[in-house]
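Report on the following structure.
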Amino acid sequence: MTYLRHAWYVAGFADELAPGQLLARTLLDEPLVFFRRPDGGVAALQDRCAHRFAPLSAGLLCDGGAAVQCPYHGLRFDATGACVHNPHGTGVIPRAARVKPCAVAQRDGLLWLWAGDAASADESLIPDLSAVTRAPEHATIRGYLPTACDYRLLADNILDLTHADFLHAGSLGSGAITRAQAQVVDLGERSVRVTWLSSGDQAPAAFDEHLREPGRPADQWTEVTWTAPCVMQLHVGATLQGEPRERGVDTCNLHLATPETAGRTHYWYWSTRNFAISAEANAAIRPVIEFAFTQQDKPMLESQQRRIGSAEFWSLRPVMLAGDAGAVRARRKLDALIAAEVAAAAP
Ligand code: FES
Ligand SMILES: [Fe+2]
């Protein structure tokens, strides 16, 4: 598969990578090993030794994080991919003993991988997702959900939230979003925002019960911002009809998808809210969210993928509905960005 290269992909939650640990993770068809350097910064190498191609992630992190030792014959590589120790013969380090380093970063509680040449990594392209990091722990629910589908189906899923009215009816959906008209705003070549606003419907159960007067008509908003390749920030909230948003309940959520391989996607979600802030409330809300994601979205995405098989999405001539405008715009933008890279790389 051809991936967008001049871009940052989420590689994990920052706290998935503890000091002293080697984290093996395949991203964009490439097995990588992540670790923390002695200064705590994050590093990643191709997870394949230069000697006989053993996975470095099965080895040891040495010297406080300064080098990774191959499990097979003990070559050591530093964070730049250079071999720094050869326990064999005279100890001379062969010139070819190098593994490919990756440009990585840590920002907003997330690990990021630059998919292009490390030398061209541009940290100004990491989207600002700091809003979720400001939420208190007891108003935060995060999770990791590997899903057997193409990563773009996950973007479709979040950019067309009318599915909440059907797939999540009774919990996250109340019918209002399907009746609302999606507004799509173009935010440049790498980003799109889709907004659904409604007034007069009762909010879905997950919001209604937290309004000052449950059961009354509400004003509701759902706003998703997609950034290429597959980073989505979502605000969903409700307030009593006619009242300012500040008097209602709001959530800020991240949906982060990174291809593992052509048919498998790493998916991280990070949900925060400005209401029901307590350990008890978190314990009550977590199963509702987890049920929707693990028992409804994930099985749907995987069964869509089984029906699609290896066919190219557009070749199946998908029918377009009113709610698809944002998702289609995002797919077109991603296709255009990838096509431009392919054209630029052609001889
Ligand atoms: S395979 Fe790594 S040192 Fe031999
Ligand atoms: Fe969903």
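The values are calculated or read from the model by the stated rules, or taken from the named source; none is laboratory data. On a predicted model such as this, the values are computed, not experimentally measured, just so you know. Heads up, the Cβs are rebuilt from the backbone with ideal geometry, glycines too, and the neighbour counts pull from every protein chain shown. Just so you know, the surface numbers come from the protein's heavy atoms only, side chains and all, with ligands and any DNA or RNA stripped out. Shrake-Rupley method; radii C 1.70, N 1.55, O 1.52, S 1.80 Å.
Just need the relative contact order of segment 147-269 here, percent rounded to a whole number, with Cα pairs under 8 Å and 6+ apart. Result for segment 147-269 is 24 percent. With contacts taken as Cα pairs under 8 Å at a separation of at least 6 residues, the chain carries a relative contact order of 17 percent.
Averaging the Cα positions of each part gives two centres, and for segment 122-182 and segment 289-344 these lie 14 Å apart. Of Met300, Met320, Met232, the residue with the greatest mean-square motion in the GNM of the chain, using alpha carbon springs below 10 Å, is Met320. With the charge dipole of segment 132-342 set up from +1 on Lys and Arg Cβ and -1 on Asp and Glu Cβ about the Cα centre, the Cα lying farthest toward the positive end among the listed residues Thr147, Gly215, Trp196 is that of Thr147. Placing +1 on each Lys and Arg Cβ and -1 on each Asp and Glu Cβ, with no other charges, gives segment 110-200 a dipole about its Cα centre of roughly 380 debye.
Expressed as a whole percentage, what fraction of the accessible surface of the chain belongs to carbon and sulfur atoms when a 1.4 Å probe is rolled over the protein heavy atoms? Carbon with sulfur: 54 percent of the solvent-accessible area. Per residue, segment 132-342 exposes 45 Å² of accessible surface when a 1.4 Å probe is rolled over the protein heavy atoms with every protein chain present. For the chain, the gyration tensor built on C-alpha atoms gives a prolate shape. Its axis ratio a/c (a ≥ b ≥ c) is at least 1.5, and a/b is the larger of a/b and b/c. Legend note: in the chain, cysteines whose Cβ sits 4.7 Å or more from every other cysteine Cβ are Cys62, Cys83, Cys102, Cys149, Cys230, Cys252. In the chain, the longest principal axis of the Cα atoms and the axis of helix 279-290 are about 80 degrees apart.
Normalised by the number of residues in segment 8-125, the mean separation of alpha-carbon contacts (under 8 Å, six or more apart) gives a relative contact order of 25 percent.
Between segment 1-23 and segment 37-64, what is the separation of their alpha carbon centroids in Å? When both Cα centres are located, 14 Å separates them. Report, in degrees rounded to the nearest 10, the 0 to 90 angle that the Cα long axis of helix 325-345 makes with the longest principal axis of the chain. The angle comes out at about 20 degrees. At an R0 of 25 angstrom, the distance between the Cβ atoms of Glu16 and Arg212 translates into a FRET efficiency of 0.05.
Ranking Thr251, Ala279, Ala330 by how far each Cα lies toward the positive end of the dipole of segment 228-347 (charges on Cβ) leaves Ala330 at the top.
The packing ranking of peptides 57-64, 151-158, highest mean first, is 151-158, 57-64, where packing means the average number of other beta carbon atoms within 10 angstrom of each residue.
Can you tell me how much longer the chain between Ile277 and Ala82 gets when fully stretched, taken as 0.36 nm per residue apart minus their C-alpha distance, in nm with one decimal?
In short, 65.4 nm is gained.
Using Cβ point charges alone (K and R +1, D and E -1), the dipole size of segment 8-125 about the Cα centre works out to roughly 520 debye.
Run the dipole for the chain about the Cα centre, Lys and Arg Cβ at +1, Asp and Glu Cβ at -1, nothing else charged, and hand back the magnitude in debye, nearest 20.
880 debye
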